[in-house]
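K.L.:
Quick one: this structure, given as structure tokens, is what I'll be asking you about.
Computed from the coordinates by the stated procedures, all read-outs in this text should not be read as laboratory data. On a predicted model such as this, the values are computed, not experimentally measured, just so you know. Glycine gets a Cβ as well: all are built from the backbone with ideal geometry, and neighbour counts include every protein chain shown.
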Amino acid sequence: MRPHRSDDAGQAFPIYITVVAGLLLLAFAYLAVGQAAANRNSAQTAADAAALAAALDTRDKLTDEWVENVLDPTKWQDIFDGVGAALEGCGRAMQLAAQNDATALCRPQFGLPPGYEVEATTTEPVGDSIVPGTETVRSKATATAVIEPRCEFELPDQESGDGGDAVLPQLICEDRKWTLDPDDLDDLPGPEDLFDVHLAD
């Protein structure tokens, strides 16, 4: 019986080695998948942040334009819709991408609503793994951010007759109403009141 047990042990040892090797290979495979997923998440974070930064930059400029034309409500709707807006936020997108260890390709999106599409590429590769070639592979991701008006208004039918100052419309910005006085424009809605900036689906 003893020689029989020795034979069983000898036969089990290669099976044990094979199982351990398989488990190690599986662990390294999971590690490679995790590395790739983390790198991909970094690319997506960079793309999202860059697209939003570009859109927020343009939102602020549209707000400045609205403030400059606040006494001429006939121009408001085009400003709120971004009609003819100079979409110059790509520089800001590249800055945010760099802060998130990525480079960015940025394309303005004209039309309604205006916005930006950004493709981000990580500066760091996935790294060494059991998958050949990953040491030089960099992840890419895209994101699009748009700028939409929050406010609605109706143009007045006529101007007031005492001096010719325009009667400014009441702005309804979601749940808040703004009654604007042409003689007291110290309290105006801010960029976050006038515009909604968000990632497009």
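K.L.:
Roughly how many nanometres apart are two label points built 7 Å out from the Cα toward the Cβ at Asp175 and Glu152?
P.N.:
1.7
K.L.:
Continuing with this model, one more query. If packing is taken as the average number of other Cβ atoms within 10 Å across a peptide's residues, how do 183-196, 46-59, 77-90 rank, most packed first?
P.N.:
On the way: 183-196: 13.8, 46-59: 26.1, 77-90: 17.6.
Descending packing order for the listed peptides: 46-59, 77-90, 183-196.
K.L.:
Would you mind getting me the FRET efficiency between Asp60 and Val167? Use the beta-carbon distance for r and R0 = 41 Å, nearest 0.05. It would help to have the intermediate numbers written out before the result.
P.N.:
On the way: r = 28 Å, r/R0 = 0.68.
Plugging the Cβ-Cβ distance into 1/(1 + (r/R0)^6) gives 0.90.
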